[in-house]
Every structure is written in structure tokens, then in C-alpha cells.
Amino acid sequence: MGIFSRDALRPVALAALLGAVALPAMADELFYVAGGVGKQAEHFKELVKPWEERTGHTVTLVPMPQSSSDQFAQYRLWLAAGTEDVDLYQTDVIWAPQLSEYFVDLSQAAKDIVGEHFPSVIESQTTEGKLVALPLYTDAPALYYRKDLLEKYGRDVPKTWAELTETAKLIQEGERTAGQGDLWGFVWQGNAYEGLTCNALEWVKSFGGGQIVEPDGTVSINNPQAVAALELAASWIGTISPRGVLAHKEEEARGVWQTGNAVFMRNWPYAFALSAGEDSAVKGKFDVAPLPAGTAEVGSAATLGGWNVAVSKFSTKQEAAIDLALYLASAEAQKRRALLDGNLPTVVALYDDPEIAEAVPLIPRWKEVFANAVPRPSGPTRSKYNEVSSKFWSAVHDTLSGNGTAAENLELLELDLTDLQGSGW
Amino acid sequence: MTDPIAGRAGGPSLRQRRQRAAFWFLAPMLFALLCVAAWPLARTIWFSLTNTTLSNLYGGEWIGFDNYLSMRTLSSGRVVWRGTLVDPAWWNAVWNTVRFSLISVGFETVLGLIVALVLNAEFRGRALVRAAILIPWAIPTIVSAKMWAWMLNDQFGILNDILLRLGLIGEKIAWTASTETAMTAVLIVDIWKTTPFMALLILAGLQMVPRDIYEAARIDGVHPVRVFFRVTLPLIKPALMVAVIFRMLDALRIFDLIYVLTPNSAATKTMSVISRENMIDFDKFAYGAAQSTLLFAIIAVFVSAYIWLGRVDLGGEGSK
């Protein structure tokens, strides 16, 4: 039987035919993992549509839990196992030093566009000369307040935490006597997770209590200003904030706020568009301001948040994945994201974009807040950051739950962090 | 048992052949157990004696028992102890787990017994009730934990709403958030979920009790309470013991319910939670492995003690 017999040729012909069908498209199917709040998961399809049409590739979103601590744990497992199933990871601003070895260096691919972004954001994603991830959006929290209630009680937007405490108490008591039994003064993120580190860092920093671990690596958390900040926050529990705030993450806080049951809320800018939505009880009744300061001299502090996209070095479709990362970080995609979800762009020019200013008036006002944002100590503490953060939020959570005083817990925390530091971070 | 063809000359006896056949029938199962139970356990123990990290799983170096306990002398001459065995967070987790296990299994046994006794009685629609009562057990823990998290939510939760309307509480309780009530919330959900399992195992035991014993007791005019303690309880004891040890094993390694339901606070962290945290979140894989090994050891001690105590009791009864 010759090799060119019909029987032998049949599979070859079939393969050629299949190849002919598949070839012109050369379509890769990419998998993108991301956690999200609000409607980000819903909007993702819309966001990547132009890219899919242009390149013919498709992207599937693999949704993650909202808690960034949970996301990190899952990512670490996948990356340690070297999974090829995920091509792109959406990463928190603090993760670059911890996960850098698993991601592709994007500095070559992105050399033409890095200049458009805020240098501080690019710097936060660069570890030892390697650009680990490209920025998608940045985050700096806002104080959401009820315009109508402040007007009713003739109060100004609080400039300090003490003023906020007083105003919240006044309005809460007033409204409760008027029959609004479920109204609370202030809601925020008090669950024992990364979000509490962000909240507490803002209190401590704005009281002049430093930033837990300073950029040079010294543990600075045990000081009278930090104690004062935590004592004030602990006084909120059960008075102007429900006890349940100790289990709140972003979405639980937004739940209380958006049903009209809070005077103030500390949350990220994503909540702005949702609070202004049709189904929101606070639509048209609220506005945002920078977070209050601890003392007038120090000024307010906002924890730098934000999300980035990294390409897995285990991906088998790296070329397409890098292209998608470049698209997602581009001004075009960032503008869409700003319009859809109200996320702050990292492309400087977009802060002057009239369309964005019209749709999300918060964004142009936030350039200033963002410029003064405090980074979490993920740089100096490197691979130990998670443990530092966990110890910090545990000490804060204990203090807020009344389990030891602020002074006692911070003293213990200082000891723990110094032990953890050992001979160096 | 006598072997009918034993002693036949030549070749192995039937018993030997049976044993050999039995071995070959069991071999696949033994092999599977070796792969999924013995090997991972041995590997975990080995990891706990190294300095392995998650980012470098195969590059760990032998460090002996340092993850458990090590002594270091600082340059100032002060001696410090390090390791899991002197880690207060670990002992807090052990205490949380043991407390949780004893309370939850205690409640589940009593409630399960009551439910089983009810289900053992003849009444109309019994089959339906038996099926219905299993529903909490059939729901995956993650789903029921999330469901309860919403019901226990302090602001929108239905439980606070009902209690407020009934006037049983003055203000909304933050069930899962307050350190005082977090463990109670976990216990409520766990008891709700696993009582049906207990009831089912005990019911199986109850159905083994011969009916004529009850008839004899009735004819003799013995009080029902006395019948329960003198007849029912001793007869279902073996089933009860098995049910309790099953639940105890399960309760000592509780993870999912606590992880989903409560904030990550020291009030509810259990051994499994803290070991996972070290392994994954803190990149201290070997340290977490040491804690897993200790968890295994603690469970083994519990089970041996339980079996030993059970035996002693049974022996005493037999000698009566």
C-alpha cells in the first residue's frame, strides 16, 4: 500500500481543511482573573470588546472574591503551581514586590506608553528594574456625605475626624428621634482584612502617627499620635458606627450607605457612580470630599490603592496577553473604565478630559487627593508585607472590638513587627 | 469457622487462597489510600522539618524541629524561644478549635438523639419529614455559610429583624462581627447544619433495636424514661459512639464555615485557618506544615483517647 493511497491521505486532508478554517483567525482564547466590586465584572465584556474586534482574540473573565486578601491567596497558589490556565492577573498595587518573579517583564513592551502615566504608579509596579504590571486604574478613597442632611442640620463638611464624629453624632441622634431608627453616622471597612489596613493607615497618618513601617524600614507604629487615632476610631463603634462595621468590607458599607442609612461613608471612588444610579436611595442627595484630617497641621491622608494587570510567565499565549495588557492600560480603555465604573485613570491627560469631567465629576477633583496619597509599606517590607499588614489589622481590629487598649495593642504590635523584621525586611 | 476442604494435600489451603484473593481485591483501595492519604501526610511532615516556602516548593532545606521549637540566644545574652509550640496565636487557635468541637458535638449529639427518637416513632408523613430534615446537611457548607451570613447580617439580616419585632433584643446585634457573639454564630450554623447527620446515624442505630424488648418493657410496666436510659441508650451506644467520633473528626478540622462566616479575627480562628494563613498568605509554607502536622497529631490523640475510653467502658459492661 503506497503512502499516497486515499485512505492514508484522508486524515492529512482533514487536517489541512481544519487548519484552513482555523488559520485566518489565529484566535487565542485568553483567561483574565480579577476580583471586583460594584459592576466591574458586568462591564468587563463591554470594556474588552473593541480589542476583541480588532484582534479576533477572545477574553474570558474569571471572577474572584471581592476581598483582595482572598484573591492574593488564590493567585499565589495558582502561580506557585505554575498554572497555564490563566494568562493575565489583575493585581493590587501592593503585590508587585511579592509576585514579581511570576510575571513577564513589561518594560520593553510598554516603553512607549509608560510616560503617559503618573510616575509614582509606574514606580510602584517596578521591582528591581522589572515592570511587573501595567496600571489599570488608581484609587484614593473619598468621604461620601449626605448633602441633604448636612444642610438640614446646618453643618459643614467635616475637616477633621473630631468634627466628623461630632457631626455624625448630632445628625444620627436628630434623625433617630425623627423616626429614622436605622440611620448611622459613619460606615467604613472594619473587617479584619487588607481594607482595614487602608482605613487605619489613614487615621494614623492623618494624626501624624507615621505609616506603620517607614520607607527606610523602621517600625514606627507605637507612638502617641497613632494611639490617639485608634482611640478615636474605637469610640465610633456602637456610637456613630454600627458594631457590625467590624465585619464590613467595601460592599457591606456601600449597602448601608446606598439604602440611605448612613450620613458618612469612607469608600473608594467606584461607589460614586453606583450611589448616583437609578436604584440608589441617595441619588442626588450626596457628594464627596477628601477624607478628614487628624489634626489641622498634618492634613488628610488617603491610602493609595489601585489595580494593575500582569501577564503570567506561564501563559502559552504571551504575545496576545501582552497586547491585551497594553490595551487595558491604554488611555482608551482607562477612559471607558472611568465612564463605566468611575475608576480613577492613571493616564495624566484624562484628568482634563471634558467627557469624563461631565460624567464623573469626582475624577478631575481627585487629581489633588491622589497626588498626596500614602502608600502602604509594601515597598520596605517586601515579601513580609502580608504578615505586617495582617498583624497591623489584627491589632486595630482588637482595639476596635475592645480587646485591649490602643496603647497596649500598638506596643505589642511594635514588638511583633520588630521580631518579624529580624535582621532586615 | 471450619474449612471444609482444609488439609487437602498439595497447594495452599482455601483459607490461604481466600486471604490472597482478599488482598488482591483490597490492593487497589490500599494503593489509592497510599496515594491520597499516606503520601500527602508524609510529605506534610517532611515539609514541616524544612524551610520550604510556597514560591520555592522543591528547594526546602532540612532544619530539624525549628518550626516547632527552637532556642536562640541573642547577642545581649537573652534567650528567646521560637516556633509553633510557643506561638500564642497557635494555642489560641487550638483552644478555639477544641472549644468549638466540644460544644458543637455536644449539642449535636443531644439534639440529634431527640430528632432520631421522634423520627423513629410511627406517624403519618414520616418518610417526608425524614427527607426534609436532611436538607441542611445536603447544602454545601460554603453556600449555607454565605446564606447564614446574610441572615445574621446586623443591618439587613432577617434574624435581627425577627428578634427586634418580637422584642427579644433592644438593638441590632452584630452577630458575626462582635468577638463575643462570633463563636456563638458559628456554633448556631454548625449545629443547624450537622444535627441531621447525627440524627441519621443515630436513627440507623435505633432501628437495629429489636421491637420485642420494648414490648416486654411495656408489659412489665416500666416507665418510658427508664426504658430509654436502661434499654434504648445502651443498645444504641455503639452507633452513638461512631456518630460522635465522625463528628469530632470533622469538627476538629473545621475551616470553611469559619472562613466564610466571620471576620478573620482571633476570636474564631481555628487550627486549620491559621495553618492555611501561614502556608499561603504569609509564604511560611513549612511553618504552616508544622501546624498541619500538629493538627493531625491532636486529632490522632483525640481519636485514640476516645477509642480507648470507649473500650474500657464496653469491657466493664461485658463483665457484668
Residue mean of other protein chain beta carbons inside 10 Å, B:276-282: 5
Rg/Rg_ref, region A:142-277, where Rg_ref = 2.2 N^0.38 Å and atoms are Cα: 1.08
Computed helical MRE - 222 nm, the protein assembly as shown, DSSP H runs ≥ 4 contributing -39500 (n - 2.57), nearest 500: -16500 deg cm²/dmol
Ordering of B:129-141, A:332-344 by packing [mean C-beta count within 10 Å, highest first]: A:332-344, B:129-141
Compactness of region B:93-283 as Cα Rg over 2.2 N^0.38 Å, two decimals: 1.22
Shape of chain B, Cα gyration tensor, a/c cut at 1.5: oblate
In sequence order, calculated HN-Hα J values of region B:156-165 (Karplus, 6.51, -1.76, 1.60; Hz; x Gly/Pro): 9, x, 6, 5, 4, 4, 4, 4, 5, 4
Length-normalised contact order of chain A in % [C-alpha pairs under 8 Å, at least 6 apart]: 24 percent
Average partner coverage of A:75-81, which counts Cβ from other chains inside 10 Å: 3
Built amide H within the under 5 Å cut-off of A:T127, gap 5+: A:V132
GNM top mover of A:T138, A:T303, A:T295 - chain A, alpha-carbon springs below 10 Å: A:T295
Per-residue average of Cβ from other chains inside 10 Å of A:252-259: 2
Dipole of chain B, positive end: most advanced residue of B:L249, B:V98, B:P88 [Cβ charges, Cα centre]: B:L249
Cα-centred dipole magnitude for the protein assembly as shown, charges only on beta-carbon of K, R (+1) and D, E (-1), debye, nearest 20: 3380 debye
Order by protection proxy (mean Cβ within 10 Å, highest first), peptides B:248-255, B:17-24, B:174-181, B:60-67: B:174-181, B:248-255, B:60-67, B:17-24
Candidates A:A329, A:A296, A:A200: whichever shows maximal mean-square fluctuation once chain A is modelled as a Gaussian network with Cα springs under 10 Å: A:A296
From phi via Karplus (6.51, -1.76, 1.60), per-residue ³J(HN,Hα) for region B:76-91 in Hz, x at Gly/Pro: 6, x, 6, 9, 10, 9, 10, x, 4, 5, 10, 8, x, 4, 5, 5
Cα gyration tensor shape of region A:367-425, rounded if a/c is under 1.5, else prolate or oblate by comparing a/b with b/c: oblate
Shape call, region A:266-390: gyration tensor on alpha carbons, a/c limit 1.5: oblate
Measure of compaction for chain A (Cα Rg per 2.2 N^0.38 Å): 1.10
5 angstrom amide H check on A:V62, placed H, neighbours 5+ away: A:Y32, A:V33, A:A34
Taking the C-alpha atoms of the protein assembly as shown, convex hull volume expressed per residue in Å³: 291 Å³
Ranked A:W307, A:W425, A:W257, criterion: other C-beta atoms within 10 Å, fewest first: A:W425, A:W307, A:W257
Descending Cα extents along the principal axes, region B:1-150, whole Å: 78, 63, 29
Spin-label pair A:E368/A:K45, simplified geometry with 7 Å Cα→Cβ offset, distance in nm: 4.1 nm
Taking chain B and dividing mean pair separation by its residue count, relative contact order in percent (alpha carbons under 8 Å, at least six apart): 25 percent
Backbone N within region A:84-98 under 16 Å of label point (7 Å from B:L57 Cα along the Cβ vector): A:84-86
Cα-centred dipole magnitude for region B:93-283, charges only on beta-carbon of K, R (+1) and D, E (-1), debye, nearest 20: 560 debye
Of B:V301, B:V225, B:V242, the one that fluctuates the most in a GNM where chain B has Cα springs shorter than 10 Å: B:V225
Between 0 and 90°, nearest 10: helix A:194-206 axis offset from chain A longest Cα axis: 50 degrees
In degrees, nearest ten, helix A:385-400 long axis to first principal axis of chain A (Cα): 30 degrees
Furthest towards positive pole of dipole, B:L159, B:L201, B:A182, structure part region B:93-283, Cβ charges: B:L201
Average Cα contact separation per residue, region B:93-283, under 8 Å, 6 or more apart, as relative contact order %: 37 percent
Whole-Hz couplings from phi, Karplus 6.51/-1.76/1.60, listed for region B:249-264; x for Gly and Pro: 4, 5, 5, 5, 10, 4, 9, 4, 4, 5, 5, 7, 7, 10, x, 6
Cα-based helix-to-principal-axis angle, A:161-177 vs chain A, degrees rounded to 10: 80 degrees
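Read the figures in this text as sums done on the coordinates, not as results from a lab. Note that the coordinates shown come from a computational prediction; the quantities given were computed from them, not determined experimentally. Note: ideal-geometry Cβ built from the backbone for every residue, glycine included; neighbour counts use all protein chains shown.
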